[in-house]
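Q: Supplied in C-alpha coordinates, the structure appears directly below.
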Amino acid sequence: MRSSTGGGGPAQLADVLERVLDKGIVIAGDIQVNLLDIELLTIRLRLLIASADKAREMGIDWWEGDPFLGRGQKNGELEDRLKRLERAAGID
Amino acid sequence: MASSRTGSSVWSVPPASTDAWYVYGVVPKGTSPDVFANAGAEIELVETGELTAVASRVPLEEYGAEALEANVKHPEWLEEKVNAHNAVLAAGVGVTTVLPFRFGAIYRDEEQVRGMLTKRPELRDALARLDGAVELGVKALLDPEVLRARLAHDRGLDAEVGSGRAYMLWKQLERELDEEVRSFAGSCADESHERLAAAADDARVNPAQHPSVAGGEMLLNGAYLVRSDRDAAFRDVLRELQARYGDDGVTYELTGPWPPYNFVGDEEQA
(Lines give C-alpha, C1' and ligand atoms only; values in the text may rest on other atoms or scores of the structure.)
Protein backbone atom coordinates (compact mmCIF):
# COMPACT_ATOMS: atom_id res chain seq x y z
CA MET A 1 0.00 0.00 0.00
CA ARG A 2 1.26 3.42 -0.90
CA SER A 3 0.42 6.68 0.73
CA SER A 4 0.69 10.09 -0.79
CA THR A 5 -0.17 13.30 0.95
CA GLY A 6 1.29 15.83 -1.41
CA GLY A 7 4.12 16.86 -3.64
CA GLY A 8 3.85 16.80 -7.37
CA GLY A 9 3.44 14.08 -9.93
CA PRO A 10 0.73 13.70 -12.55
CA ALA A 11 -1.40 11.46 -10.31
CA GLN A 12 -1.34 14.00 -7.49
CA LEU A 13 -2.23 16.80 -9.89
CA ALA A 14 -5.10 14.81 -11.33
CA ASP A 15 -6.40 14.15 -7.80
CA VAL A 16 -6.34 17.86 -7.01
CA LEU A 17 -7.84 18.96 -10.33
CA GLU A 18 -10.71 16.50 -10.21
CA ARG A 19 -11.62 17.74 -6.77
CA VAL A 20 -11.13 21.49 -7.02
CA LEU A 21 -12.63 21.90 -10.51
CA ASP A 22 -15.29 19.24 -10.46
CA LYS A 23 -16.33 18.83 -6.80
CA GLY A 24 -16.81 21.19 -3.90
CA ILE A 25 -19.63 23.61 -3.27
CA VAL A 26 -20.64 25.60 -6.32
CA ILE A 27 -21.29 29.21 -5.40
CA ALA A 28 -21.73 31.97 -7.92
CA GLY A 29 -19.69 34.95 -6.78
CA ASP A 30 -19.75 38.51 -8.08
CA ILE A 31 -17.21 37.82 -10.76
CA GLN A 32 -18.35 34.96 -12.89
CA VAL A 33 -15.80 32.63 -14.23
CA ASN A 34 -16.95 31.79 -17.70
CA LEU A 35 -18.26 28.38 -16.80
CA LEU A 36 -17.86 27.26 -20.36
CA ASP A 37 -14.15 27.67 -19.98
CA ILE A 38 -14.01 25.85 -16.71
CA GLU A 39 -16.25 23.16 -18.06
CA LEU A 40 -14.05 22.89 -21.07
CA LEU A 41 -11.09 22.25 -18.84
CA THR A 42 -13.05 19.85 -16.73
CA ILE A 43 -14.08 18.00 -19.83
CA ARG A 44 -10.49 17.91 -20.99
CA LEU A 45 -9.60 16.51 -17.62
CA ARG A 46 -12.42 14.00 -17.80
CA LEU A 47 -11.39 12.89 -21.23
CA LEU A 48 -7.89 12.41 -19.98
CA ILE A 49 -9.03 10.67 -16.85
CA ALA A 50 -12.15 8.81 -17.71
CA SER A 51 -12.70 8.03 -21.30
CA ALA A 52 -9.29 7.41 -22.71
CA ASP A 53 -9.99 3.74 -23.26
CA LYS A 54 -13.24 4.40 -25.08
CA ALA A 55 -11.66 7.12 -27.15
CA ARG A 56 -8.71 4.94 -28.01
CA GLU A 57 -11.04 2.15 -29.11
CA MET A 58 -12.45 4.64 -31.57
CA GLY A 59 -8.98 5.42 -32.81
CA ILE A 60 -8.81 8.85 -31.21
CA ASP A 61 -5.56 9.44 -29.43
CA TRP A 62 -4.79 13.09 -29.98
CA TRP A 63 -4.13 13.73 -26.33
CA GLU A 64 -1.30 11.21 -26.28
CA GLY A 65 2.06 12.81 -25.79
CA ASP A 66 0.55 15.96 -24.36
CA PRO A 67 -1.11 15.40 -21.02
CA PHE A 68 -2.68 18.81 -21.28
CA LEU A 69 -4.14 18.30 -24.65
CA GLY A 70 -4.45 20.30 -27.78
CA ARG A 71 -2.48 23.26 -26.55
CA GLY A 72 -1.77 24.55 -30.00
CA GLN A 73 -5.29 24.12 -31.25
CA LYS A 74 -7.73 26.80 -32.14
CA ASN A 75 -10.43 27.06 -29.56
CA GLY A 76 -13.41 26.38 -31.79
CA GLU A 77 -11.72 23.39 -33.25
CA LEU A 78 -11.04 22.02 -29.79
CA GLU A 79 -14.61 22.58 -28.69
CA ASP A 80 -15.97 20.85 -31.75
CA ARG A 81 -13.71 17.95 -31.14
CA LEU A 82 -14.68 17.79 -27.51
CA LYS A 83 -18.35 17.83 -28.41
CA ARG A 84 -17.87 14.91 -30.76
CA LEU A 85 -15.85 13.05 -28.18
CA GLU A 86 -18.31 13.75 -25.41
CA ARG A 87 -21.15 12.36 -27.45
CA ALA A 88 -19.12 9.35 -28.43
CA ALA A 89 -17.91 8.73 -24.90
CA GLY A 90 -21.31 9.31 -23.32
CA ILE A 91 -20.19 12.12 -21.05
CA ASP A 92 -22.95 14.53 -20.22
CA MET B 1 -7.33 46.54 -15.28
CA ALA B 2 -6.73 48.22 -18.60
CA SER B 3 -8.48 51.43 -19.50
CA SER B 4 -10.90 51.48 -22.37
CA ARG B 5 -9.51 51.36 -25.87
CA THR B 6 -12.05 53.90 -27.02
CA GLY B 7 -11.03 56.40 -24.39
CA SER B 8 -14.40 56.59 -22.67
CA SER B 9 -14.55 55.77 -19.00
CA VAL B 10 -15.66 52.19 -18.40
CA TRP B 11 -14.61 51.55 -14.83
CA SER B 12 -17.23 49.24 -13.45
CA VAL B 13 -15.69 49.25 -9.97
CA PRO B 14 -14.51 52.15 -7.84
CA PRO B 15 -10.89 52.96 -8.69
CA ALA B 16 -9.84 52.31 -5.10
CA SER B 17 -11.04 48.74 -5.30
CA THR B 18 -8.25 47.02 -7.16
CA ASP B 19 -8.68 43.78 -5.27
CA ALA B 20 -11.32 41.11 -5.36
CA TRP B 21 -11.99 38.51 -2.69
CA TYR B 22 -11.42 34.90 -3.57
CA VAL B 23 -13.20 32.47 -1.24
CA TYR B 24 -11.69 28.99 -0.82
CA GLY B 25 -14.32 27.62 1.50
CA VAL B 26 -16.01 27.92 4.86
CA VAL B 27 -15.02 26.88 8.38
CA PRO B 28 -16.87 27.26 11.71
CA LYS B 29 -16.88 30.59 13.53
CA GLY B 30 -14.03 31.15 15.94
CA THR B 31 -11.47 29.37 13.78
CA SER B 32 -8.03 30.80 14.53
CA PRO B 33 -6.11 32.51 11.73
CA ASP B 34 -3.12 30.43 12.90
CA VAL B 35 -4.70 27.42 11.20
CA PHE B 36 -3.90 29.01 7.85
CA ALA B 37 -0.60 30.63 8.81
CA ASN B 38 1.41 28.23 6.64
CA ALA B 39 -1.15 27.75 3.90
CA GLY B 40 0.97 29.48 1.28
CA ALA B 41 -1.34 32.48 0.87
CA GLU B 42 -2.32 35.60 2.80
CA ILE B 43 -5.60 34.57 4.35
CA GLU B 44 -8.46 36.80 5.46
CA LEU B 45 -11.08 35.22 7.69
CA VAL B 46 -14.53 36.78 7.28
CA GLU B 47 -16.78 35.80 10.15
CA THR B 48 -20.55 36.20 10.11
CA GLY B 49 -22.87 34.38 12.47
CA GLU B 50 -21.83 30.74 12.72
CA LEU B 51 -19.72 30.79 9.60
CA THR B 52 -16.24 31.93 8.64
CA ALA B 53 -15.22 32.35 5.02
CA VAL B 54 -11.60 31.56 4.23
CA ALA B 55 -10.57 34.13 1.65
CA SER B 56 -7.68 35.97 0.03
CA ARG B 57 -7.53 39.38 -1.59
CA VAL B 58 -6.61 38.84 -5.19
CA PRO B 59 -5.76 41.45 -7.84
CA LEU B 60 -8.55 42.32 -10.26
CA GLU B 61 -5.99 42.43 -13.03
CA GLU B 62 -5.73 38.67 -12.58
CA TYR B 63 -9.22 37.80 -11.36
CA GLY B 64 -11.44 40.39 -13.01
CA ALA B 65 -14.02 38.90 -15.35
CA GLU B 66 -12.04 39.43 -18.54
CA ALA B 67 -8.68 38.49 -17.10
CA LEU B 68 -10.11 35.43 -15.46
CA GLU B 69 -11.73 34.26 -18.63
CA ALA B 70 -8.37 34.44 -20.36
CA ASN B 71 -6.42 32.96 -17.46
CA VAL B 72 -8.49 29.82 -16.96
CA LYS B 73 -7.64 28.82 -20.50
CA HIS B 74 -4.00 28.45 -19.54
CA PRO B 75 -3.44 25.06 -17.92
CA GLU B 76 -0.29 26.27 -16.17
CA TRP B 77 -2.12 29.18 -14.55
CA LEU B 78 -5.04 27.02 -13.58
CA GLU B 79 -2.82 24.27 -12.19
CA GLU B 80 -1.03 26.74 -9.98
CA LYS B 81 -4.25 28.30 -8.69
CA VAL B 82 -5.99 25.00 -8.19
CA ASN B 83 -3.03 23.67 -6.23
CA ALA B 84 -3.00 26.84 -4.12
CA HIS B 85 -6.76 26.53 -3.52
CA ASN B 86 -6.30 23.01 -2.26
CA ALA B 87 -3.25 23.87 -0.15
CA VAL B 88 -5.19 26.53 1.75
CA LEU B 89 -8.08 24.23 2.55
CA ALA B 90 -5.79 21.31 3.34
CA ALA B 91 -4.24 23.42 6.11
CA GLY B 92 -7.56 23.26 7.95
CA VAL B 93 -8.12 19.53 7.52
CA GLY B 94 -7.91 17.63 10.78
CA VAL B 95 -7.81 20.92 12.70
CA THR B 96 -11.32 22.16 12.02
CA THR B 97 -14.23 21.27 9.76
CA VAL B 98 -13.68 22.54 6.23
CA LEU B 99 -16.40 23.09 3.61
CA PRO B 100 -14.52 23.27 0.32
CA PHE B 101 -15.84 25.54 -2.43
CA ARG B 102 -15.25 24.76 -6.05
CA PHE B 103 -12.67 26.93 -7.81
CA GLY B 104 -13.86 30.41 -8.70
CA ALA B 105 -16.01 31.94 -5.95
CA ILE B 106 -14.92 35.56 -6.32
CA TYR B 107 -16.44 38.67 -4.70
CA ARG B 108 -16.04 42.38 -5.18
CA ASP B 109 -15.40 43.13 -1.53
CA GLU B 110 -15.66 41.89 2.02
CA GLU B 111 -19.29 42.95 2.31
CA GLN B 112 -20.26 40.72 -0.58
CA VAL B 113 -18.52 37.80 1.13
CA ARG B 114 -20.55 38.49 4.28
CA GLY B 115 -23.68 38.68 2.19
CA MET B 116 -22.97 35.26 0.71
CA LEU B 117 -22.55 33.78 4.20
CA THR B 118 -25.82 35.21 5.49
CA LYS B 119 -27.71 34.02 2.43
CA ARG B 120 -26.57 30.45 2.85
CA PRO B 121 -27.81 29.01 6.13
CA GLU B 122 -27.49 25.51 4.65
CA LEU B 123 -23.73 25.85 5.03
CA ARG B 124 -24.27 25.62 8.78
CA ASP B 125 -26.05 22.29 8.37
CA ALA B 126 -23.24 21.04 6.17
CA LEU B 127 -20.66 22.00 8.81
CA ALA B 128 -22.62 20.08 11.43
CA ARG B 129 -23.00 17.07 9.16
CA LEU B 130 -19.30 16.93 8.33
CA ASP B 131 -18.03 17.69 11.82
CA GLY B 132 -14.87 15.70 12.51
CA ALA B 133 -14.87 14.00 9.11
CA VAL B 134 -12.27 14.04 6.38
CA GLU B 135 -12.16 12.64 2.89
CA LEU B 136 -9.74 9.84 2.10
CA GLY B 137 -9.00 8.86 -1.47
CA VAL B 138 -8.28 5.25 -2.37
CA LYS B 139 -7.03 4.25 -5.77
CA ALA B 140 -6.53 0.62 -6.70
CA LEU B 141 -4.02 0.08 -9.51
CA LEU B 142 -3.56 -3.18 -11.34
CA ASP B 143 -0.39 -4.37 -13.03
CA PRO B 144 -2.02 -6.74 -15.54
CA GLU B 145 1.28 -8.48 -16.33
CA VAL B 146 1.69 -9.59 -12.74
CA LEU B 147 -1.84 -10.96 -12.74
CA ARG B 148 -1.40 -12.68 -16.12
CA ALA B 149 1.85 -14.29 -15.03
CA ARG B 150 0.15 -15.56 -11.91
CA LEU B 151 -2.88 -16.90 -13.76
CA ALA B 152 -0.65 -18.62 -16.32
CA HIS B 153 1.51 -20.06 -13.57
CA ASP B 154 -1.60 -21.40 -11.79
CA ARG B 155 -2.33 -23.38 -14.94
CA GLY B 156 1.21 -24.74 -15.11
CA LEU B 157 1.78 -22.85 -18.32
CA ASP B 158 5.04 -21.00 -18.08
CA ALA B 159 6.32 -22.80 -21.16
CA GLU B 160 7.77 -20.86 -24.05
CA VAL B 161 6.17 -20.92 -27.46
CA GLY B 162 7.67 -23.69 -29.59
CA SER B 163 5.79 -25.55 -32.29
CA GLY B 164 2.87 -24.20 -34.32
CA ARG B 165 0.51 -26.17 -32.14
CA ALA B 166 1.99 -24.60 -29.02
CA TYR B 167 1.52 -21.21 -30.68
CA MET B 168 -2.19 -21.85 -31.27
CA LEU B 169 -2.62 -23.01 -27.71
CA TRP B 170 -0.78 -19.94 -26.54
CA LYS B 171 -3.06 -17.62 -28.50
CA GLN B 172 -6.10 -19.29 -26.99
CA LEU B 173 -4.59 -19.00 -23.54
CA GLU B 174 -3.97 -15.32 -24.16
CA ARG B 175 -7.65 -14.79 -24.90
CA GLU B 176 -8.67 -16.70 -21.81
CA LEU B 177 -6.26 -14.72 -19.70
CA ASP B 178 -7.62 -11.44 -21.09
CA GLU B 179 -11.07 -12.54 -20.04
CA GLU B 180 -9.89 -13.55 -16.59
CA VAL B 181 -8.07 -10.27 -16.08
CA ARG B 182 -11.22 -8.32 -17.01
CA SER B 183 -13.33 -10.42 -14.71
CA PHE B 184 -10.84 -10.05 -11.86
CA ALA B 185 -10.68 -6.27 -12.37
CA GLY B 186 -14.44 -5.96 -12.00
CA SER B 187 -14.82 -8.15 -8.94
CA CYS B 188 -11.76 -6.72 -7.19
CA ALA B 189 -13.03 -3.16 -7.73
CA ASP B 190 -16.50 -4.02 -6.46
CA GLU B 191 -15.30 -5.85 -3.39
CA SER B 192 -12.73 -3.19 -2.54
CA HIS B 193 -15.28 -0.40 -2.76
CA GLU B 194 -17.93 -2.30 -0.81
CA ARG B 195 -15.57 -3.06 2.05
CA LEU B 196 -14.15 0.46 2.19
CA ALA B 197 -17.60 2.02 1.98
CA ALA B 198 -18.77 -0.16 4.86
CA ALA B 199 -15.90 1.18 6.98
CA ALA B 200 -16.68 4.81 6.02
CA ASP B 201 -19.51 7.22 6.74
CA ASP B 202 -20.14 7.90 3.08
CA ALA B 203 -18.55 6.90 -0.20
CA ARG B 204 -18.27 7.91 -3.86
CA VAL B 205 -16.79 6.23 -6.90
CA ASN B 206 -15.18 8.54 -9.44
CA PRO B 207 -14.11 7.75 -13.01
CA ALA B 208 -10.82 5.94 -13.29
CA GLN B 209 -7.87 8.10 -14.23
CA HIS B 210 -6.00 7.55 -17.45
CA PRO B 211 -3.15 5.00 -17.12
CA SER B 212 -0.55 7.58 -18.14
CA VAL B 213 -1.68 9.75 -15.23
CA ALA B 214 -2.41 6.98 -12.77
CA GLY B 215 0.73 4.93 -13.40
CA GLY B 216 -1.23 1.75 -14.03
CA GLU B 217 -4.65 0.43 -14.86
CA MET B 218 -6.96 2.00 -12.33
CA LEU B 219 -9.57 -0.41 -11.02
CA LEU B 220 -11.01 1.93 -8.44
CA ASN B 221 -10.96 5.69 -7.85
CA GLY B 222 -12.90 6.03 -4.63
CA ALA B 223 -13.54 8.82 -2.14
CA TYR B 224 -14.52 8.00 1.43
CA LEU B 225 -15.85 10.21 4.18
CA VAL B 226 -14.22 9.02 7.39
CA ARG B 227 -14.75 10.33 10.89
CA SER B 228 -11.67 10.42 13.09
CA ASP B 229 -12.98 7.65 15.36
CA ARG B 230 -13.21 5.30 12.37
CA ASP B 231 -9.93 6.26 10.76
CA ALA B 232 -7.90 3.36 12.20
CA ALA B 233 -10.54 0.77 11.25
CA PHE B 234 -10.73 2.18 7.71
CA ARG B 235 -6.97 1.88 7.29
CA ASP B 236 -7.14 -1.69 8.60
CA VAL B 237 -9.58 -2.60 5.84
CA LEU B 238 -7.22 -1.08 3.31
CA ARG B 239 -4.32 -3.14 4.67
CA GLU B 240 -6.43 -6.29 4.48
CA LEU B 241 -7.29 -5.58 0.86
CA GLN B 242 -3.63 -5.00 0.05
CA ALA B 243 -2.68 -8.27 1.74
CA ARG B 244 -5.38 -10.13 -0.15
CA TYR B 245 -4.85 -8.70 -3.63
CA GLY B 246 -1.20 -7.63 -3.59
CA ASP B 247 0.00 -10.90 -5.13
CA ASP B 248 -2.51 -10.43 -7.95
CA GLY B 249 -0.73 -7.27 -8.99
CA VAL B 250 -2.98 -4.75 -7.22
CA THR B 251 -1.52 -1.77 -5.39
CA TYR B 252 -3.76 0.39 -3.24
CA GLU B 253 -2.89 4.02 -2.89
CA LEU B 254 -4.25 6.15 -0.08
CA THR B 255 -4.47 9.93 -0.61
CA GLY B 256 -5.48 12.67 1.73
CA PRO B 257 -6.82 13.49 4.17
CA TRP B 258 -8.63 15.91 1.89
CA PRO B 259 -11.30 18.49 2.63
CA PRO B 260 -14.56 16.64 1.88
CA TYR B 261 -14.83 17.84 -1.74
CA ASN B 262 -16.79 14.77 -2.79
CA PHE B 263 -19.35 15.12 -0.01
CA VAL B 264 -20.56 18.70 -0.30
CA GLY B 265 -22.15 18.57 -3.74
CA ASP B 266 -25.83 18.18 -4.58
CA GLU B 267 -27.73 19.54 -1.64
CA GLU B 268 -25.51 22.61 -1.24
CA GLN B 269 -25.33 23.49 -4.87
CA ALA B 270 -26.50 26.90 -6.01
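Q: Just a yes or no: is a residue in segment B:53-61 more than 21 Å from B:Leu127 (Cα to Cα) and part of a helix (DSSP H, G or I)?
A: Yes, the conditions are met somewhere in segment B:53-61.
Q: Could you run through segment B:224-270 and say how many residues are closer than 30 Å to B:Arg148 by Cβ, assigned to a strand (DSSP E or B), of a type in the set (A, V, I, L, M, F, W, C) and facing another protein chain (nearest Cβ under 8 Å)?
A: Of the residues in that region, 1 qualify.
Q: Could you count how many residues in segment B:37-71 are within 11 Å of chain A (Cβ to nearest Cβ) and touching a strand residue (DSSP E or B) at 6+ places or on another chain (Cβ under 8 Å)?
A: Counting residues in segment B:37-71 that are within 11 Å of chain A (Cβ to nearest Cβ) and touching a strand residue (DSSP E or B) at 6+ places or on another chain (Cβ under 8 Å) gives 8.
Q: Kindly check whether there is at least one residue in segment B:85-95 that is more than 22 Å from A:Leu13 (Cβ to Cβ) and more than 23 Å from the chain's Cα centre (by Cα).
A: no
Q: Identify, from the list B:Gly222, B:Gly216, the residue that is closer than 21 Å to A:Leu13 by Cα and modelled with pLDDT under 95. Don't jump to the end; show me each part of the working.
A: Working: B:Gly222 fails: modelled with pLDDT under 95.
Of the residues listed, the single one that is closer than 21 Å to A:Leu13 by Cα and modelled with pLDDT under 95 is B:Gly216.
Q: Restricting to segment B:215-266, what's the tally of residues that are of a type outside the set (A, V, I, L, M, F, W, C), over 13 Å from the mean Cα position of the chain (by Cα) and farther than 11 Å from B:Val134 by Cβ?
A: Result for segment B:215-266: 19.
Q: Out of (1) among the basic types (Lys, Arg); (2) away from chain A (no Cβ under 12 Å); (3) touching a residue at least 40 places away in the same chain (Cβ under 8 Å), the odd one out for B:Lys139 is which?
A: (2)
Q: Can I ask one more? Search segment B:103-130 for residues that are facing chain A (nearest Cβ under 10 Å) and in contact (Cβ under 8 Å) with a residue 12 or more places away in the chain and pair each with any residue that is basic (Lys, Arg) and not in a loop (DSSP other than H, G, I, E, B) when their beta-carbon atoms are under 8 Å apart and the residues are at least 6 apart or on different chains.
A: Short answer, once both residue conditions are applied: B:Phe103/B:Lys81.
Q: B:Leu157: part of a helix (DSSP H, G or I) and at pLDDT below 95, yes or no? Walk me through it before giving the result.
A: Working: part of a helix (DSSP H, G or I): no; at pLDDT below 95: yes.
Taking the combined requirement at face value, the residue does not satisfy it.
The values are calculated or read from the model by the stated rules, or taken from the named source; none is laboratory data. Nothing here was measured: the structure is a model prediction, and the numbers come from that model. Every residue, glycine as well, gets a Cβ built from its backbone with ideal geometry; the counts of neighbours run over all protein chains shown.
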